[in-house]
Every structure is written in structure tokens, then in C-alpha cells.
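Chemist: After the C-alpha cells below, expect a handful of questions from me.
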Amino acid sequence: MPSSLKKSLSSMKQMSSKDFKKSYKNGFITGIIISIIYNICVLIYILNLENEECKCFSDWRHEFMKYYSIALIVLGMISLAFNLYESKNELMNLIKKISMVAYFINVWCLYSYVGILDYTQCKCAIQQTKKTHYFLYLFRYILVAFVFLTLIGGIMMALE
């Protein structure tokens, strides 16, 4: 085993419970902030497609992504403001479970909807919001890979 890896492992073992909780809390806060920023980008992108001149493809996925993004922005801000990310409340646990199921639906919606807009060469999406469309077009693959790896990890943990 390389010496740098040994040093890292020994420093992790020495990390106190308090340090671990602080590190976990900071990572969770960072994740909430990134989620808020990402969902603001998605919301702006979706709202851009709602102007009257835009005649691009639109179905229930458009509406789902819009309201899901709004809900996550609000939930994220409330979580940060009231420290809800540390809550052990049953209602918060239910909200987290529901949002996880909705997350999988949202990943599929984003993947398929952005793909359809790209395939149909929607000018509102591709030309007016070029950078956001390109980001979401690429990011959808990252989301699918993340979901796939999470499922594999869950299956492997269940088999152990």
C-alpha cells in the first residue's frame, strides 16, 4: 500500500466524531446550495420555453420539471434557513423519500425532454438559451450515470 494512502487512512481514523459531523454538515450544505443553483438554471430554461413565440414540443415533462424545480428551490432554502437537513422528524423523512422518487422521475424527464428539444432543433432552446441547453444536454448523461452507479452501489450493499 502506498505511503500516502496509509497516511490518509490513518488521518481518517483519527478524525473525531465531531469533525466527521462538521464535515458531513458542510458537504450537505454545499449539496443543497448546488441543488438550488442547478434548479434555478433548469427553471429559467423551462420558463424561456414558455414565451408565446416558442412553438417547441411541450408535454407533462415540461410542467413536472418546472414545478419540481420550484419545489426543490423552496425546500432547499427552507432547509438552509431552519437547519432541516439535520432533522429526524417523520414528516421531513417522508418529504425526503417523496423527493427521492420525484428525483428519479425528474432525471428521466430531463433526459428525454432535452433530447427531444435537441432532436427537433427547437430554436427557443438551442439558439436563445444555447449555453444552458448545451449544459443540460451534457448534464443529463451525468445524472443518468449517477443514478446507475447509485443503483449498482445499493444492490452491492444489499448483497453483502
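Chemist: Using only Cα atoms, what Kirkwood radius does region 76-160 have, in angstroms?
Modeler: 15.4 Å
Chemist: Another question about this same structure. Compute the relative contact order of region 20-159 as a whole-number percentage, counting only Cα pairs closer than 8 Å that sit 6 or more residues apart in sequence.
Modeler: Answer for region 20-159 is 29 percent.
Chemist: Take each of the peptides 45-52, 70-77, 93-100, average the number of other beta-carbon atoms within 10 Å over its residues, and list them starting from the highest. Provide the component values of the computation, followed by the final result.
Modeler: Values: 45-52: 15.2, 70-77: 17.1, 93-100: 11.8.
Per-residue mean Cβ counts within 10 Å order the peptides as 70-77, 45-52, 93-100.
Chemist: Enter the mean projected area of the convex hull around the alpha-carbon atoms of region 20-159, in nm², rounded to one decimal.
Modeler: Over all viewing directions, region 20-159 projects a mean Cα-hull area of 10.0 nm².
Chemist: A further question on this structure: Using the count of nearby Cβ atoms within 10 Å as a rough guide to exposure, how do CYS41, CYS109 rank from fewest to most?
Modeler: The fewest-first ordering by Cβ neighbours comes to CYS41, CYS109.
Chemist: What's the exposure ranking of TRP108, TRP60, going from fewest to most Cβ atoms within 10 Å?
Modeler: Going from least to most buried by this count: TRP60, TRP108.
Chemist: Let me ask something else. With +1 assigned to the C-beta of every Lys and Arg and -1 to the C-beta of every Asp and Glu, and no other charges, what is the dipole magnitude of region 20-159 about the Cα centre in debye, to the nearest 20?
Modeler: Details: 13 positive and 8 negative charges, 100 e Å.
So the dipole magnitude of region 20-159 works out to roughly 480 debye.
Where a number appears in this text, it was derived from the coordinates with a stated rule and is not lab data. Please read these numbers as outputs of a predicted model, since none were measured by experiment. Reconstructed Cβ throughout: ideal geometry from the backbone, glycine too, with neighbour counts over all protein chains shown.
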